[in-house]
Amino acid sequence: MEPGTADDTTRHGDSADRRLPVYDPQAVEARWQQRWIDEGTYEVDNDDPRPPYYVLCMYPYPSGAAHMGHVRNYTFGDLIVRHRTMQGYGVLSPIGFDSFGLPAENAAIETGRHPREFTEEKIVELSSSLRRIGAGYDWRRLVTSHSPSYTRFTQWIFLKFLENGLAYKQMAAVNWCPGCQTVLANEQVLADGTCERSGDLVEAKDLEQWFFRITDYAQQLLDDLDLVDWPERVVTMQKNWIGRSEGAEFSMAVVDADGNAHSSGAEVSVYTTRPDTAFGMTYAVLAPEHGLALTVTTDENRPAVEAFVARARSTSEMDRLSSEGALDTRGVFTGSHLLNPFTQQPVPLYLADYVLVTYGTGAIMAVPGQDQRDWDFAEAYDLPIVRTVQPPEGWDGEAYTGDGPAINSPASESTFESLDLNGMDVDEAKARAIEWLDTWGLGEAKVNFRLRDWLLSRQRFWGSPIPVVYCPDHGAVPVPVDQLPVLAPDDVEFLPTGESPLKHHEGFLNTTCPRCGGAAVRETDTMDTFVDSSWYFLRFADPTNEDLPFDRAAVEHWLPVDQYIGGVEHAILHLMYARFFTKALADLEVAPATLREPFQRLFTQGMIRLDGVKMSKSKGNLVAPEAILDREGADALRLGQLFVGPPADDVDWEGVGIEGTYRFIGRLWRLAYPGSGVVPDASGDDALEVDKATHRLIARVSDEMERWSYNTSVAAFMEFTNLVYKQGKTDFAVDTLLKLLAPMAPHVTAELWELRNGGHVHEEPWPEHDPAMLAVDSVTMVVQVAGKIRDRLEVSPDISEDEAAALALASEKVRPHVDGEPRKVISRPPNLVNIVP
RNA sequence: GCCCGGGUGGUGGAAUGGCAGACACGGCGGAUUCAAAAUCCGCUGACCUCACGGUCGUGCGGGUUCGACUCCCGCCCCGGGCACCA
């Protein structure tokens, strides 16, 4: 080739009489991606002799080509897979797709195309994106939620739960659009409570629905958080979600204002965490949906109560729990009273929207003196307020929730004699109150959880059908296991209202009862897609099993997942459900009995924002990685994603470029290309210095990889490369750099390694540093006077406390700031001495 | 409303109670080039100073400490989640 005629070569410096090709990410990356697939680099068998390690990214909803959030997530996953492989593990790195869900169904309504067709197209697009970012998977283990072989076992598990009492049917309210005659997802209800399609006001409607009894596992789900190595904030969120509280439950007779029993003889049971304050109960409240609400309402109050109940039912739970706005329209008097067993006095019984039927007993005792919301309500409705805990001296607030001696409990000795809490602190008074309730058979200690059972029925088409048949004689009958999977039909028409076509498909609907053979109809509800994602990580261990969801031994080998990675938005629901499934399946002996937790180590990455807004398809602000892959390539993009900030933080893609990492890859290429003279060989002391720096790099990066500090590792690589450009290179330095960088930038390092040494860099063992090479001759010691830096001294790293102090006090720059004997000298050799004058 | 995060140069960020601003982007300057791109090298928190050097500075107000971006208390602002409660 003639100089000047070829664009793909360039000259560098006077030593470059050799030609150095320009790095071409397109060619190199495509070639390696193909090789990893052809050579099965990241395929692993269940009898692999290496120690097992299971790395999993939350499987994605197939929304089409990857966006930046995917790139971020799958870059983290891939670099761990490659890193652990180099460390000698047999790494399970599977991939799948969460392929049921509402978007495909909405697309079907718009385009008339079957959701399967639409979904499978998106899967192809996303798979191709994942390949282009260089992620290495065992594609033989691909799992998709909608495939018949997976759906079959999702249904199998449902039946197993049903058989063992973990699934049941109950009435529950749904969002009902009267215009569309359809159930809406929360997402489809606009902020003003109207349907996004028709604009009609959404109503609450009760339907028979299937539930999983996750509350049976509430205590275990709480306790076993101690077994996992998860981010503290996720553990906190899970604990708060489970919401264990200890208190008391007791019942009170419904009476009139004079204390005469109600004609129905009804009693209302309340749950409270503060039984110690019961003498201060000045009213009580039922949830508007409470079963007794209308029974206890007097004729006089009935019209107001009925209007109130209707209004509360159409108000969102979040608005109901809000304490903002006027309170005086948020409750209504029933006309009845409850007899407070502590005071033997009747207290008025209200309904209020802020009391939920789903928590506790759906009824509360209200104690304005010790609860601010009760206080506000009492003021709004002109109800009495009695303090039963003495607030501290100088207290000028309203309700007092802190500790203190009980007062007014009872208010005077004459009113009540069998219980006296006065003077006790809160804990003591609680215990005594519960003991008293127990003694008199009025109530008992009670542990409550905020966690509710999992409503899994969805009135949708694109999900796993619930495998149940309704027979006029036998009721709900499970579909026999040998008839699974129950699959939705293909010849369906999607209605513009969003109503599931299953409800009108005669061929699907009409069947026979498995028990009696008589005419029966199928359940038309499908399962929440969270059901699919609650066991896919188990299926990956044994993805082609046709007899069982998975073989126990295969799960025993791979599970728990050693490193699970996903978005923080799944910190509660998905993780809670998957934990519940794992425990239940283990208890039912489907999974190994010892498998109590599915995900040993969890990492939750932050979100990608653009201009401060969450990046999402619905907001239309996605930045597609395709253009970057076409120009700068996957390695530059991956390093850019890692370099932008800590993995756990949200990142704003605005203003974040990949210029820096792209240039860095060019510098690496020119440094490491065999025979390149761009960076001269280091000699003598320089070579030793560079090799020492290399050992420091190994130590630093190895540590940072364990701590998820990838952004600083990229900085370390840049710093090291800058040093080598100045001091000259050694083979050890360059080869080590390639190995350390191989997990993060797999393509360019694989190419350079092969050119330099032959073979695969990703099959090299992870480098180990030599501790002896970390030693340094001197360190910079800071000398402060009263915390202000006055001098910096070069000292020996093993300088003693006294020597350091003496050296500091002798400093020319320090002396002017210290007159006389210093009051104190803090010596922290070899880094710092602080002199307090 | 409740729960969980977060506020550091022009920008993304670094600093596990001990040198605030590593590393990069952007900007400025130099080398190279006929010229440009690319590349290589240097400077770049603000203010005062010819300089040496000094003062200030991590959302705001307190506190703990010899020493606080870091720990504690109270605010303000921003982001996210919600089946949200006795």
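Readers should treat all values here as calculations from the given coordinates under stated rules, not as data from a laboratory. Remember, predicted model here, so these are calculated numbers, not experimental data. FYI the Cβ positions are ideal-geometry reconstructions off the backbone, even for glycines, and counts take in every protein chain you see.
Brief remarks on what is shown
- FRET efficiency, 1/(1 + (r/R0)^6) with R0 56 Å, evaluated for residue A:329 and residue A:659 via beta carbons: 0.45
- When the charge dipole of chain A is built from unit charges on Cβ atoms (+1 for Lys and Arg, -1 for Asp and Glu) and taken about the Cα centre, the candidate among A:204, A:217, A:565 whose Cα reaches farthest toward its positive end is A:565.
- Each of the GluC sites (Glu not before Pro) that DSSP puts in a loop and that has at most 12 other Cβ atoms within 10 Å breaks chain A; the longest unbroken stretch is A:40-323.
- To the nearest ten degrees, helix A:25-38 and the longest principal axis of the Cα atoms of chain A are 70 degrees apart.
- The calculated Kirkwood hydrodynamic radius for region A:725-834 is 17.6 Å, given to one decimal from all distinct C-alpha pairs.
- Normalised contact order of region A:159-281, rounded percent, pairs of Cα under 8 Å and 6 or more residues apart: 19 percent
- Coupling constants for region A:398-409 follow from the phi torsions by the Karplus curve (6.51 cos²θ - 1.76 cosθ + 1.60, θ = phi - 60°), and in residue order they are 9, 5, 10, 9, x, 7, x, x, 6, 10, 6, 10 Hz; glycine and proline get x.
- Label-point separation, residue A:707 to residue A:809 (7 Å along Cα→Cβ), nm: 3.5 nm
- Degrees, to the nearest 10: A:731-741 long Cα axis against longest axis of chain A: 20 degrees
- Bridgeable aspartates and glutamates around residue A:726 (alpha carbons under 13 Å apart, same-chain partners fewer than 8 residues away excluded): A:681, A:686, A:689.
- Anchor residue A:729: lysines whose Cα lies under 23 Å away (excluding residues fewer than 8 positions away in-chain): A:692, A:739
- Taking amide H as placed 1.01 Å from N in the peptide plane, the amide H of residue A:336 sits under 5 Å from that of A:298, A:349, each at least 5 places away or on another chain.
- Cα gyration tensor shape for chain A, rounded if a/c is under 1.5, else prolate or oblate: oblate
- Exposure proxy order (Cβ contacts within 10 Å, fewest to most) of A:282, A:780: A:780, A:282
- Calculated [222 nm] ellipticity per residue, helices only, for chain A: -10000 deg cm²/dmol; basis is -39500 (n - 2.57) per DSSP H run with n ≥ 4, divided by all residues, nearest 500.
- ³J(HN,Hα) computed for each position of region A:454-460 - Karplus, 6.51 cos²θ - 1.76 cosθ + 1.60, integer Hz, glycine/proline x: 8, 7, 9, 5, 10, 8, 10
- Cα lying deepest toward the dipole's positive end in chain A, options A:720, A:304, A:269, charges on Cβ: A:720
- Reachable lysines, given that their alpha-carbon falls under 20 Å from the alpha-carbon of residue A:169 and they are not under 8 places away in the same chain: A:160, A:205, A:503
- Dipole magnitude for chain A: computed about the Cα centre from +1 point charges on Lys and Arg Cβ and -1 point charges on Asp and Glu Cβ, it is near 1320 debye.
- Using alpha carbons only, the radius of gyration of region A:745-787 set against its Kirkwood radius gives Rg/Rh = 1.38.
- Sorted by Cβ density within 10 Å, fewest first, the residues A:57, A:471: A:471, A:57
- Cβ-derived FRET efficiency at R0 22 Å, residue A:48 paired with residue A:648, nearest 0.05: 0.10
- Summed side-chain charge close to residue A:834 - residues other than residue A:834 whose Cβ falls under 11 Å, Lys, Arg +1, Asp, Glu -1: +4
- Under-5 Å amide H pairs with residue A:443, H placed in peptide plane, nonlocal only: A:438
- Each residue of region A:72-83 is assigned a 3J(HN,Hα), and the resulting list reads 4, 4, 7, 5, 4, x, 5, 5, 5, 4, 5, 5 Hz, derived from the Karplus form 6.51 cos²θ - 1.76 cosθ + 1.60 (θ = phi - 60°), x at Gly and Pro.
- The spacing between region A:346-410 and region A:201-239, judged by their C-alpha centroids, is 29 Å.
- Looking at chain A alone, DSSP beta bridges between its own residues are antiparallel in about 75 percent of cases.
- Amide H within-cut-off set for residue A:209, under 5 Å, with H built and near neighbours excluded: A:170, A:171, A:172
- Between 0 and 90 degrees, the angle of helix A:746-757 with respect to the longest Cα principal axis of chain A falls at about 30 degrees.
- In terms of surrounding Cβ atoms within a 10 Å radius of their Cβ, A:532, A:491 rank from fewest to most as A:491, A:532.
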